[in-house]
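Contents: one structure, followed by commentary.
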Protein chains: 2
Amino acid sequence: MTFSDFKHFLLGKPFPTSMEMHERLDKVRALAVFASDPISSNAYATEAIMSVLIVLGSQALSLTLPVGLGVAGLILLVISSYIQTILHYPDGGGAYTVAKDNLGQFPSLLAAAALLTDYILTVAVSVSAGVRAVTSAFPETFDYRVHIAILAIVIITWMNLRGVRESGTVFAIPTYAFVVGVFLTIIIGLVRQYTLFGVAPLPVLEQIVPPVFSPMGFAYIWLLLRAFSGGCTALTGIEAISNGVQAFKPPEARNAVITMVAMGTMAMSLFVGILLLSSHLHLVPEEAESILSQMTRAITGNNILYYWVQFFTAAILFLAANTAYQDFPRLSSFLSNDRFMPGWMQNRGDRLVYSSGIAVLAFIAVLIVLIFQANEIAMLPLYALGVMLSFSISQTGMFRLMGRIAHLKPGESLKTLVTRIHYEKGVRWKQALNAVGAVVTFLVFIILMSTKFMEGAWIVVLIIPILVFMFYSIHHHYEQVSTALSTHDLTPDSLSEVANVVIIPIGDVHRGTLRALVYAKRISKDVRVICVINSPEMKERLLMRWKRFPKLTRRVKLITIETDYRDVITPVVKYIEQVNNSEFPDQLVTVVVPVFIPTHAVGRLLHNQTAVQLRWALQRYKDIVIIDVPIHIDSKM
Amino acid sequence: MTFSDFKHFLLGKPFPTSMEMHERLDKVRALAVFASDPISSNAYATEAIMSVLIVLGSQALSLTLPVGLGVAGLILLVISSYIQTILHYPDGGGAYTVAKDNLGQFPSLLAAAALLTDYILTVAVSVSAGVRAVTSAFPETFDYRVHIAILAIVIITWMNLRGVRESGTVFAIPTYAFVVGVFLTIIIGLVRQYTLFGVAPLPVLEQIVPPVFSPMGFAYIWLLLRAFSGGCTALTGIEAISNGVQAFKPPEARNAVITMVAMGTMAMSLFVGILLLSSHLHLVPEEAESILSQMTRAITGNNILYYWVQFFTAAILFLAANTAYQDFPRLSSFLSNDRFMPGWMQNRGDRLVYSSGIAVLAFIAVLIVLIFQANEIAMLPLYALGVMLSFSISQTGMFRLMGRIAHLKPGESLKTLVTRIHYEKGVRWKQALNAVGAVVTFLVFIILMSTKFMEGAWIVVLIIPILVFMFYSIHHHYEQVSTALSTHDLTPDSLSEVANVVIIPIGDVHRGTLRALVYAKRISKDVRVICVINSPEMKERLLMRWKRFPKLTRRVKLITIETDYRDVITPVVKYIEQVNNSEFPDQLVTVVVPVFIPTHAVGRLLHNQTAVQLRWALQRYKDIVIIDVPIHIDSKM
């Protein structure tokens, strides 16, 4: 089985380019596709708030509710702002596009860097949280959480490389199943809490955790801000719909807005419901069992509903990871198309997916899972930062856009890089909304950064500028390449001439070197065989063998270089350099290298070290052409 | 600074081959050079016995002395046998040489595999034990033991790559300082123990450790055997002198024998002294402090002699590791010379040392230190096995040799592969000694293997056959290569002809591809440019650019292959294969590949993915010659 067969077995038969799907989603399936990320945040957002407040002791957990409501308010604000984005960028307006269109190159790259960081974290965090749902239900699997997480990433990656499209049906089942399960739990919980219909009241768990310390004044506010930052992870994924407006059935923008509102309502009511009940139940965050699991267990007992919720929590979290597999390669290919990322990021693989982007994403996500040992709570300080920065940049871009629209007269329109925008009324109000959105998300970004700086946010603060620098470096490089390759002022005479000389470095006279010699004689009259001699015996043996083939070696110069050092590369390179510089300056000089090709890979370790080193050393000469003449060796090892 | 400059800065200027040193050692310095390994075993051998006996409780530690004396007896036996080896192989007779000479290929390879395993373990064990001497003196460094151990290996490796010769003076200081320090401690200890000269008696530490279990009958004997196996680590390094007879001043063999006797006396008296005193003091093995450290502290207090002993224990242990840096590369180069290891194992580096062997040794030793977390006691079960096996094989070889000598008549001599051996008297007695040596060391090997099998010896039992298999595979491969390259029945006509065709796969028309075109036209009249087309726009752009250079493209065939897949490699390879098979069967077909060479390495990530893939795919065709035409791109990143 060749490598190619194996690849086809694993990934399926290649798709022709013409087969590209243009599936459109109705609202019900679109909601399932895009909502998995923000809805799944409910699996950890409340927990993230509580795990900060718990240092004040279990009494302070009553603060979870007000802090959580603050987060819910922020969600509302961001959703309202994003509805504007959808309406003005119906072709899909990610933060990168909006910023590029309205703010210029640097802000757009900043947004892109922030988003890429966050997409990677989406995979790591969602998969780890999904694994926590599994280990909460089956505590005996806790020791294998890193293995399970990596296995999950491998499976998701494999599915994406095979080319799973955002097919709504697959997504619909776990998303709605999760929503239904949690809603049911919340309703049962509320009914029992207020002892409606005469049911037994909820057993309130009076777990008392003493406060670690009791901060006063500023330290207290600081702690509340940290708890708030924790809750902000609930905002991740909200921007997904604005990226994918084109996936909706027409009228695209209108359907997208409706879906956005539905998603917001759903995500917020789940969030508030979980907040209410977990506060009422006096739940306390634990390492091995999630808050959602504790809450469900307390309300429903260990019955089928509990396992339903846990199972679909894991499923929706894995799906949330899957959305990053759409977003990351797509944004990377945009960047690649604008020459800010390597060209191969926009190559579609056999199955019409951006295979390179998928592979890069998976690789980095696995690294992060390993570093953080699949503990998503430890990753959260890094997580929402990128999203907030991209929100803020995107809102600022919308603010600029609204300003430009405000200058239009009725009937006029303006052309942006991406789309054409018409006059509209009430723009100043919308602009004000975007201004509030931009300022608030920026403030939240600052809060996130400062409160979580020491816990890991510094990593993101370091990585985003590095990524931006990388984008610029790559761009600069590609511009130099296009100058170097330009045929603009090219005349046939400006191309290097070809020198009539061929140099063959050899170590010995054998079938391989003689084959190279035959080839060299075929393309030039001036063939020079060069051999570095380490000892008199070596010279003697070489000359003896050389003389055995008078017909082949006729009119070929044999040059021996005697050296008292073991390094054979330097003298050969020196000789070639000298021929190039003094005999044939600025002409292409040809070097023929006999290359062993053992049929088994293991055998390759034993050979060609010298050929590889020579190739490496000759790379820095711009006029050296290297010819590999292969000699196959059948080795059965 | 180029890579080459950096290398010279790190390793020093290259040495010419003629500068090879032939330093001869006098007995005093030779003792220091060769004895560091066996003498340094005293730092852990007693401990290895005690750490087994302790499960019987601290009372059972009184058994340390008899068990240790058994080990001392074994040392005596092995030394006596090795004196015979020195006398008969004055050119240096390692187990590999002796076995090859007298027993044949398989036993010699078995001995080589055992020795290589052991040399690697010598580095890991000695360095870890050296680090334990440091952490015993400064307990606050205990957490950094792995770092210190790796740093020590890096420094030793660096020194060896620079070409530290076995210069006696460097070795003499720590070896003799260690011996003097420990002897002083032992003498003070004995004086105080027997309260000679009216000194205060030794404070006996009555640490009571209860037995973990109390075995009876066979289990009891099994435990004693395990303790004995532990002590056998004291035997490692005894064979070193027999490998290096040529390093002695003449008369080499005689001086080597005298040094061997001196070394044995010294190592054994240290061993017995430590045994006596640590038994008397009722010392108990501890994780963080070695027995030698405990003993010295108890006898001398925390004064200068204590730090002297600890410091030189560390020093002599690091030196012991250094001996493996001589032995491993030397044996590897022997094997390489006999074509059982890759050819590059016998290449001398710039500084006349076997750089590859040193690098391989260091790499594996670091791995082992990491796996075992620098805990040499955990490594010991793996350690002495290889040495015992090689002892046994070497003694068996000597037994065979003595048998052959016994058949000689006075005045006759026999020629072995390595040397000429003369008639001698009393050979049967020597043969009997070798027989006892072979049998006893083999028994010890069996004891070691069975008692320590579960604790790690199985790893060695697994690795030795794998190494032997590897030796044979490499040998087999090299024989096939020599057949393939043989010029024995070679006639000029039996070499492949060169087809008059050049194929250039391109992605676009630019300066790089045009440069390749110029080159190709220079060497052939039948030039075919092939381009895989993914879209109608691409074809249009290509043809437009192609037509802009009528002079260059005249008489060149442009072949476009339209495909609905993104894979461009397969169609190109298919076309080349078809040209090769149908138009020019069994002739060399030339493919010219334009290669971007960004001047900065980072830029290389962005280019040539396709060129690399194409080269890889073409490797399996035996008649495809690949020409790299470089185009340099100056990128400042």
Output the number of the condition that A:ARG348 fails; it satisfies all remaining conditions of (1) in a loop (DSSP other than H, G, I, E, B); (2) over 28 Å from A:HIS8 (Cα atoms). (2)
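Residue by residue, here is whether (1) within 9 Å of chain A (Cβ to nearest Cβ); (2) in contact (Cβ under 8 Å) with a residue 12 or more places away in the chain holds:
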{"site": "B:LEU495", "(1), (2)": "yes, no"}
{"site": "B:VAL502", "(1), (2)": "no, yes"}
{"site": "B:LYS525", "(1), (2)": "no, yes"}
{"site": "B:VAL532", "(1), (2)": "no, yes"}
{"site": "B:MET538", "(1), (2)": "no, no"}
{"site": "B:ARG554", "(1), (2)": "no, no"}
{"site": "B:THR560", "(1), (2)": "no, yes"}
{"site": "B:VAL568", "(1), (2)": "no, yes"}
{"site": "B:PRO585", "(1), (2)": "no, no"}
Among residues of region A:590-614, those that are at pLDDT 80 or above and within 11 Å of another protein chain (Cβ to nearest Cβ), counted: 10
What single numbered condition from (1) under 30 Å from B:PRO594 (Cα atoms); (2) modelled with pLDDT under 90 fails to hold for B:PRO505? (2)
Kindly evaluate A:LEU485 against the criterion of being of a type in the set (A, V, I, L, M, F, W, C), without any contact (Cβ under 8 Å) to a residue 24 or more places away in the chain and within 12 Å of another protein chain (Cβ to nearest Cβ). yes
Restricting attention to region A:116-149, which residues are over 17 Å from A:GLY386 (Cβ atoms) and β-branched (Val, Ile, Thr)? A:VAL127, A:VAL131, A:VAL134, A:THR135, A:THR141, A:VAL146, A:ILE148
Before we move on, is B:ALA288 of a type outside the set (Asp, Glu) and over 21 Å from B:TYR44 (Cα atoms)? no
Going through region A:351-365 in order, the residues found to be aliphatic (A, V, I, L, M) and outside any helix (DSSP H, G or I) are A:LEU352, A:VAL353
Which one of these is hydroxyl-bearing (Ser, Thr, Tyr) and in the same structural domain as A:GLU239 (by TED's automatic domain parsing): A:SER392, A:SER486? A:SER392
For region A:137-152, name all the residues that are surrounded by fewer than 24 Cβ atoms within 10 Å (Cβ to Cβ), part of a helix (DSSP H, G or I) and not acidic (Asp, Glu). A:ALA137, A:PRO139, A:THR141, A:PHE142, A:TYR144, A:ARG145, A:VAL146, A:HIS147, A:ILE148, A:ILE150, A:LEU151, A:ALA152
Being surrounded by fewer than 18 Cβ atoms within 10 Å (Cβ to Cβ) and in contact with a helix residue (DSSP H, G or I) (Cβ under 8 Å, 6 or more places away or on another chain) is the filter here; which residues of region B:428-438 pass it? B:ARG428, B:ALA435, B:VAL436
Could you please tell me which pairs satisfy a Cβ distance under 7 Å, a separation of 6+ or placement on different chains, a first residue in region B:107-129 that is without any contact (Cβ under 8 Å) to a residue 12 or more places away in the chain, and a second residue that is of a type outside the set (D, E, K, R)? none
Hey, among A:ASP508, A:ASP564, which residue is at the interface with chain B (Cβ under 10 Å from one of its Cβ atoms), over 19 Å from B:PRO492 (Cβ atoms) and out of contact with any Asp or Glu (no Cβ under 7 Å at 6 or more places or on another chain)? A:ASP564
Only one of (1) within 30 Å of B:ARG545 (Cβ to Cβ); (2) touching a His at 6+ places or on another chain (Cβ under 7 Å) does not apply to B:LEU485, and that is (1)
Checking B:TYR519 against (1) modelled with pLDDT of 90 or more; (2) more than 10 Å from chain A (Cβ to nearest Cβ), which single condition isn't satisfied? (2)
Of the listed residues (B:ALA457, B:ALA499), the one being of a type in the set (Gly, Ala, Ser), touching a helix residue (DSSP H, G or I) at 6+ places or on another chain (Cβ under 6 Å), more than 23 Å from A:THR487 (Cβ to Cβ) and surrounded by 15 or more Cβ atoms within 10 Å (Cβ to Cβ) is B:ALA457
All but one of (1) of a type in the set (D, E, K, R); (2) farther than 30 Å from A:TYR89 by Cβ; (3) within 14 Å of another protein chain (Cβ to nearest Cβ) hold for A:GLU455; state the number of the condition that does not hold. (3)
Go over the candidates B:ALA219, B:ALA113, B:ALA172 one by one and state the one that is within 25 Å of B:MET388 (Cβ to Cβ), at pLDDT below 85 and in a helix (DSSP H, G or I). B:ALA219
May I ask you to say which residue of B:MET402, B:MET470, B:MET398, B:MET379 is surrounded by 14 or more Cβ atoms within 10 Å (Cβ to Cβ) and either farther than 30 Å from B:ARG339 by Cα or polar (S, T, N, Q) (or both)? B:MET379
For A:GLN613, only one of the following conditions fails: (1) in a helix (DSSP H, G or I); (2) of a type in the set (S, T, N, Q); (3) touching a Lys or Arg at 6+ places or on another chain (Cβ under 7 Å). What is its number? (3)
Conditions (1) modelled with pLDDT of 85 or more; (2) buried (at least 23 other Cβ atoms within 10 Å of the Cβ) -> A:VAL257 fails only (2)
Any hit, region B:23-40, residues being assigned to a loop (DSSP other than H, G, I, E, B) and in the same structural domain as B:ALA234 (by TED's automatic domain parsing): no
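The values are calculated or read from the model by the stated rules, or taken from the named source; none is laboratory data. All figures in this text were calculated on a predicted structure; none of them were measured in a lab. Don't worry about glycine lacking a Cβ; one is built from the backbone with ideal geometry, like all the others, and counts go over all protein chains shown.
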